[in-house]
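Take a look at the structure below.
The values are calculated or read from the model by the stated rules, or taken from the named source; none is laboratory data. Note that the structure is a prediction, hence the values are computed from the model and not measured. Here the Cβ is made from the backbone with ideal geometry for all residues, glycine too, and neighbour counts use every protein chain on show. What goes into the accessible areas is simple: the full protein's heavy atoms, side chains included, and nothing from ligands, DNA or RNA. Shrake-Rupley method; radii C 1.70, N 1.55, O 1.52, S 1.80 Å.
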Amino acid sequence: MNLLRGQRAKIADLVPTGQRLTLGVAIDAPGLILDFACFGLDAQGQLSDERYMTFFNQPSSPCGGVRLDAPLGDQAGFAIDLARLPPSIVRLTITAALDGTGTMSRIGRGHVRVMDGSREAARFAFSGADFAEERALMLLELYRKDRIWRICALGQGFNGGLAALVAHFGGTVATEISAPPPPSPPKPSPAVNLNKITLEKRGNSISLQKEPHTAHGEILINLKWRSVSGAKKGFLSGLIGNNRTDLDVGCLYELMNGEKSAVQALGNTFGNYTSPPYIALDADDRTGLSASGENLRINGQHWEQIRRVLIYAFIYEGAPNWAEAEARITLKMPGQPEIEVRLDSHRNDRPMCAIALLENQGGAVKITKLVDYHRGHLDMDQAHHWGLEWVRGSKD
Amino acid sequence: MAISLNKGGNVNLSKEAPNLENVLIGLGWDARATDGQAFDLDASVFMVKSDGKVPNDSHFIFYNQLKSPDGSVEHTGDNLTGDGEGDDESVQVTLSRVPAEIQRLVIVVTIHDADARRQNFGQVSNAFVRIVNRDNHQEVVRFDLSEDYSTETAMIFGEIYRHGGDWKFRAVGQGYAGGLRALALQHGVNVG
């Protein structure tokens, strides 16, 4: 069944159980960053219980009636079990909001579909031509009316983006407070800041489209962090070590020919810029005091030989304290806005953080923010199915 | 206590409100809360004979012709935004002055410029039609259309019709494509 904008139907007419279904969302939006969410609303259309906003940071509602689950082939999705929702929740609104620049008129084709198991029961298709200056959209909603759950294809939105959307649901968005800059490095020029894309949330990805027949330039990955030495000097810290933090940037890579390894200071595998793997680490900042930080360079001239690169940061020495280290990773490519990732989801029991995955997608560089924390190289390798063998090493 | 009708239901106005004479047809809907093109909805009344056609074009009461020649039906004006409490548009009817040949008053709402604005009734929320006794301000009957929306651009909300010597009201909730023009043609109006 194809749903037109404004069209309504009864859930029971689409899904035999009338209660269990999965909503899948996909929007073709090159160069745009989209966040999807499901708002569980009360009879007044308000988000009276913030736990019923289901999104990447809150993957399930308390009742389990809404949880993140994307059907095969979709970018995002929500598994819905209406019977588990409390009576106070009478409306589930699926939304898409732009993170970063752009408007919804720039999206390509998109859809929200209702899946009954693996069967598609209904689809609401739309495109950028349906929108103008909107930056956040209400795509579709399930709602209870006269004790019957129904569906409505909305396709309406707000120029004010996520903040306007949340305000519509009776909530407020906290103003983002940027972290204080590290003390030693010089402040970046404002011109760079204006263009900067901050991938704030895990799972965001953007594709740096490659023009046909033109090679990429240098992809520069820079790690800057703040030494936390001297923060606590005491008897116990003396026993544990010299209380100095050493943070390393590195990567796992896989080439098109199947060769796999790592580039990192540990083990002195600094890589090579002009011959395979075309990835090189140019310095090992052991104190966090270097103004330039640590730089990992990927030779974009040879991007066609690289299948994927997993960028990570690793606390080699010192107790893991990501909050105090204030680590920031920036990715730069010629002709592209700078991308910044802050290591802000603190897991101080895990010294390793996988930051971003760069994948070769038909010659384009697809970047996905990860920020998942691991106990070590082996854990991270297994989590991302790299398949390297790991032995313990140390810097002399 | 007003009667609430479902789609297709009807009520005998003369029995519910004895001696009903001065009637207000109140129509309402919520404007969109989102950004994008505004909605402009228009109410109209076709005064039709038993064959479903108007006797002549002056019995099509709409934004450009607010009053019937006999004075029995009067549109009280266009509300461009749909803001505010209560009715967005209303039509006043003096039942005793409705000419004998007029069998039904067909109450329709259309979305102005719907095709160009890519709008339809499915995007309108909380639409209703209600019949009020103007002499005592009592609501006699109400029809909430919210679940009978269609993706069409014109909709017959309801009709007031003669039944024996009584007046009745029927909740219609039927959508049509083609906007006001199509409905006018269907009811025998010569559209220029």
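On the given criteria, is B:Ala38 surrounded by fewer than 19 Cβ atoms within 10 Å (Cβ to Cβ) and touching a residue at least 12 places away in the same chain (Cβ under 8 Å)?
Spelling it out, B:Ala38 is indeed surrounded by fewer than 19 Cβ atoms within 10 Å (Cβ to Cβ) and touching a residue at least 12 places away in the same chain (Cβ under 8 Å).
Across the stretch A:136-152, the qualifying residues are those that are open to solvent by 30 Å² or more (accessible area, probe 1.4 Å) and of a type outside the set (Phe, Trp, Tyr), and the one among them that is nearest to the other protein chains (Cβ to nearest Cβ) is A:Lys145. Set side by side, the residues B:Arg32, B:Arg97 differ, and just one is over 22 Å from B:Leu180 (Cα atoms) and of a type in the set (Lys, Arg), which is B:Arg97. Cβ separations smaller than 8 Å between residues 6+ apart or across chains give the following pairs from the stretch A:84-97 residues that are open to solvent by 10 Å² or more (accessible area, probe 1.4 Å) to residues that are of a type in the set (Lys, Arg) and outside any loop (DSSP other than H, G, I, E, B): A:Val90/A:Arg144; A:Arg91/A:Arg144.
Where strands (runs of 3 or more DSSP E) fall entirely within the stretch A:1-51, those with at least 3 residues that are within 14 Å of chain B (Cβ to nearest Cβ) are at A:8-10. Quick check on the stretch B:33-44. Is at least one of its residues farther than 27 Å from B:Asp113 by Cα, more than 12 Å from chain A (Cβ to nearest Cβ) and of a type in the set (S, T, N, Q)? There is no residue in the stretch B:33-44 that is farther than 27 Å from B:Asp113 by Cα, more than 12 Å from chain A (Cβ to nearest Cβ) and of a type in the set (S, T, N, Q).
In the stretch B:111-132, the residue that is surrounded by the fewest Cβ atoms within 10 Å (Cβ to Cβ) out of those that are more than 12 Å from chain A (Cβ to nearest Cβ) and farther than 21 Å from A:Arg150 by Cβ is B:Ala116. Hey, could you check the stretch B:133-145 for residues that are open to solvent by less than 10 Å² (accessible area, probe 1.4 Å) and either more than 14 Å from chain A (Cβ to nearest Cβ) or among the small types (Gly, Ala, Ser) (or both) and say which is nearest to B:Gly28 (Cα to Cα)? Among those residues, the one meeting the criterion is B:Phe143. Of all residues in the stretch A:339-379, exactly one satisfies the criterion of being basic (Lys, Arg), in a strand (DSSP E or B) and either in contact with a Gly (Cβ under 7 Å, 6 or more places away or on another chain) or at pLDDT below 75 (or both), namely A:Lys369.
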